[in-house]
Amino acid sequence: MNLREEILKEHSRRQALKIAGWIGNDRKKFSRLLDLFLHDEYRVVQRSAMVLGYVADNHSELIEQNIQVIVKRLDDNNIHIAVTRNVVRLLQFVQIPKKLHAQVINICFNYLSDPNETVAVRCFSMTVLTNFTKQYPEIKNELEAVIKTVLKDVKGGLKVRARDALKELNKIR
């Protein structure tokens with residue numbers, strides 16, 4: 001399969017799942033995907049981010065082995081929102097190395113606090129931060145404060161996620 005051609009062929013969930021299935025847990029195929037994600041033009045990067053998310057669902061070890069370069073992509077101010085959304089989404093489900101904890105926590109607090117950020121990115125960031133409170137209970141109070149601020153100005157999915165996160169945080173002592 002010509003991976004780049006397949007990525008450009010069609011922008012759909014079905015196509016992304018097909019490509020992710022083809023990659024499976026094959027490190028060489030994943031390496032090709034990662035190279036496109038890191039170095040290609042914006043449309044290929046955008047679509048490969050979606051595939052990365054689906055690979056993470058079934059083969060998180062491939063993501064975890066490359067998490068540093070994946071997270072570094074969030075530092076690029078010119079990335080497509082789909083890249084941000086898919087990277088933060090996969091951060092909910094993978095083991096993040098300790099050396100990246102502070103960076104990911106800061107990134108997620110920034111996304112969550114930004115009223116101009118998309119609902120999906122804010123929701124995923126909230127979950128990532130809630131997951132981190134188990135290791136870093138000292139961020140619980142700050143996270144609760146930010147979530148309560150978010151609750152004042154939102155509706156729909158973000159409000160539901162915020163309520164769920166607050167319930168989860170109340171379980172952590």
Next item on the list: Read through the list (1) surrounded by 13 or more Cβ atoms within 10 Å (Cβ to Cβ); (2) at pLDDT 95 or above; (3) not polar (S, T, N, Q), then give the number of the only condition that residue 98 fails.
Entry: (1)
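Considering only residues that are in contact with a Leu (Cβ under 8 Å, 6 or more places away or on another chain) and either in a loop (DSSP other than H, G, I, E, B) or among the basic types (Lys, Arg) (or both), look in region 115-148 and name the one that is modelled with the lowest pLDDT.
Kept after step one, since they are in contact with a Leu (Cβ under 8 Å, 6 or more places away or on another chain), are these residues of region 115-148: 119, 122-126, 128-130, 133, 139-140, 143-144, 146-148.
Narrowing further to those that are either in a loop (DSSP other than H, G, I, E, B) or among the basic types (Lys, Arg) (or both): 122, 133, 140, 148.
Working: 122: 94, 133: 94, 140: 93, 148: 89.
Selected residue: 148.
On the given criteria, is residue 117 acidic (Asp, Glu) and more than 30 Å from residue 144 (Cβ to Cβ)? Talk me through it step by step, then tell me what you get.
Values: acidic (Asp, Glu): yes; more than 30 Å from residue 144 (Cβ to Cβ): no.
The answer is no for residue 117.
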Note to self: Exactly one of these conditions fails for residue 51: (1) closer than 15 Å to residue 2 by Cα; (2) over 13 Å from the mean Cα position of the chain (by Cα); (3) not small (Gly, Ala, Ser). Give me its number.
What the structure shows: (2)
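Can you tell me which residue among 172, 139 is within 19 Å of residue 101 (Cβ to Cβ), touching a Pro at 6+ places or on another chain (Cβ under 9 Å) and assigned by TED's automatic domain parsing to the domain that holds residue 107?
Numbers: 139 fails: touching a Pro at 6+ places or on another chain (Cβ under 9 Å).
Step by step, each of 172, 139 is checked, and only 172 is within 19 Å of residue 101 (Cβ to Cβ), touching a Pro at 6+ places or on another chain (Cβ under 9 Å) and assigned by TED's automatic domain parsing to the domain that holds residue 107.
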Check: With respect to residue 104, is the statement that it is assigned by TED's automatic domain parsing to the domain that holds residue 146 and assigned to a helix (DSSP H, G or I) true?
Finding: yes
Notebook entry, point to check: Out of (1) outside any helix (DSSP H, G or I); (2) loosely packed, with under 12 Cβ neighbours inside 10 Å, the odd one out for residue 170 is which?
Noted result: (1)
Checklist line | Out of 132, 124, sole residue that is touching a residue at least 12 places away in the same chain (Cβ under 8 Å), among the aromatic types (Phe, Trp, Tyr), closer than 29 Å to residue 22 by Cα and not assigned by TED's automatic domain parsing to the domain that holds residue 22 | finding: 124
Check: Which of the residues that make up region 151-167 are among the charged types (D, E, K, R) and under 20 Å from the mean Cα position of the chain (by Cα)?
Finding: 159, 161, 164
Margin query: For residue 89, only one of the following conditions fails: (1) buried (at least 18 other Cβ atoms within 10 Å of the Cβ); (2) modelled with pLDDT under 95. What is its number?
Written below: (2)
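Per-residue answers, yes or no, for (1) surrounded by 16 or more Cβ atoms within 10 Å (Cβ to Cβ); (2) assigned to a helix (DSSP H, G or I):
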residue	(1), (2)
21	no, yes
37	yes, yes
43	no, yes
47	yes, yes
50	yes, yes
54	yes, yes
72	no, yes
79	yes, no
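The values are calculated or read from the model by the stated rules, or taken from the named source; none is laboratory data. Note that the structure is a prediction, hence the values are computed from the model and not measured. Please note: Cβ atoms are built from the backbone with ideal geometry, for glycine as well, and neighbour counts cover all protein chains shown.
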